[in-house]
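Okay, structure first, notes after.
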Amino acid sequence: MSPGPSQLPLGIGLRDDATFANYLPGNNASLVSHLTGQLEEGGEPFLYLWGGMGVGCSHLLQAACHNADAQGQRALYLPLATLGHFPPDILEESERLDLLAIDDLQLVMGRKRWEEALFHGFNRLRDAGKRLVIAADRSPRQLEVKLPDLASRLTWGMVFHVQPLDDKQRLAALQLRAQVRGMELPPEVGRYILHRGPRQLDPLFEILCRLDSASLSAKRRLTIPFVKQALEW
């Protein structure tokens, strides 16, 4: 017998730093507004997010779960990249949750048991007046769904194409993450990191974490020479 939601953790692989406080919306302000208000009266029962790698879909789903937990609501984050190879038993009694967040939906499309479990889970959440947020790498109409009823359900909610940040916004995102960590990241240092570092934000944030540890250990401020030394650039 599978455990009920009350026995499950808040999420599998849920990061502590995946919050709305350290997410720079950029051109996604409307989406963030709907996510933060989803659990309120009149909030959208179903939100569907899609976008390419590194645009922040996983961060947003995890932030929604943290937000629900802070309000005393029961939420569960299900990353199908980790859980998709298991049977979909974890979706049983999902209506006991206040919010269910399913990530990387595209990974289980075409699999009969998962599609049927998702369809029935969707219906139970809807009938119970609970909330669902899903993320995938493509729009619902582009998914290779075999079950017609599930394909129909996936188009019921509000659909948001999560937009990537431009270079100016990426710098602002890096500075925001540094500020949350209690670091001072001068603009010229941030631009240097963006110029030398990877394009995607998650690896950049990992670099920032390394620099945080290095600056604390050396008791040095973040300067371009220090970054060169610490990262061996």
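The values are calculated or read from the model by the stated rules, or taken from the named source; none is laboratory data. Keep in mind it's a predicted model, so treat the numbers as computed, not measured. As a convention, Cβ positions derive from the backbone with ideal geometry for all residues, glycine included, and neighbour counts pool all protein chains shown.
Here is how the numbers come out for the structure above:
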| quantity | calculated |
| --- | --- |
| In region 46-59, residue surrounded by the most Cβ atoms within 10 Å (Cβ to Cβ) [restricted to those that are in contact with a Leu (Cβ under 7 Å, 6 or more places away or on another chain) and within 26 Å of residue 128 (Cα to Cα)] | 49 |
| Filtered residues of region 66-80 (kept if touching a residue at least 12 places away in the same chain (Cβ under 8 Å), hydrophobic (A, V, I, L, M, F, W, C) and either part of a loop (DSSP other than H, G, I, E, B) or over 15 Å from residue 130 (Cα atoms) (or both)) | 78, 80 |
| Some residue of region 81-101 being in contact with a Phe, Trp or Tyr (Cβ under 6 Å, 6 or more places away or on another chain), part of a helix (DSSP H, G or I) and modelled with pLDDT of 95 or more | no |
| The one condition in (1) over 25 Å from residue 139 (Cβ atoms); (2) buried (at least 21 other Cβ atoms within 10 Å of the Cβ) that residue 62 fails to fulfil | (1) |
| Qualifying residue in region 86-101 (condition: charged (D, E, K, R) and on the phi > 0 side of the Ramachandran plot) | yes |
| Filter result for residue 40 (of a type in the set (D, E, K, R) and in contact with a strand residue (DSSP E or B) (Cβ under 6 Å, 6 or more places away or on another chain)) | no |
| Wholly within region 128-233, helices (runs of 4 or more DSSP H) carrying at least 2 residues that are over 27 Å from residue 47 (Cα atoms), under 21 Å from the mean Cα position of the chain (by Cα) and touching a residue at least 12 places away in the same chain (Cβ under 8 Å) | 167-180, 201-218 |
| Selected residue [modelled with pLDDT under 95, crowded, with 17+ Cβ neighbours inside 10 Å and of a type in the set (A, V, I, L, M, F, W, C)] from 31, 39, 35 | 39 |
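Residues checked against (1) touching a helix residue (DSSP H, G or I) at 6+ places or on another chain (Cβ under 9 Å); (2) farther than 18 Å from residue 54 by Cβ; (3) surrounded by 21 or more Cβ atoms within 10 Å (Cβ to Cβ); (4) not aliphatic (A, V, I, L, M):
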| residue | (1), (2), (3), (4) |
| --- | --- |
| 89 | yes, yes, no, yes |
| 119 | yes, yes, no, yes |
| 145 | yes, yes, yes, no |
| 171 | yes, no, no, no |
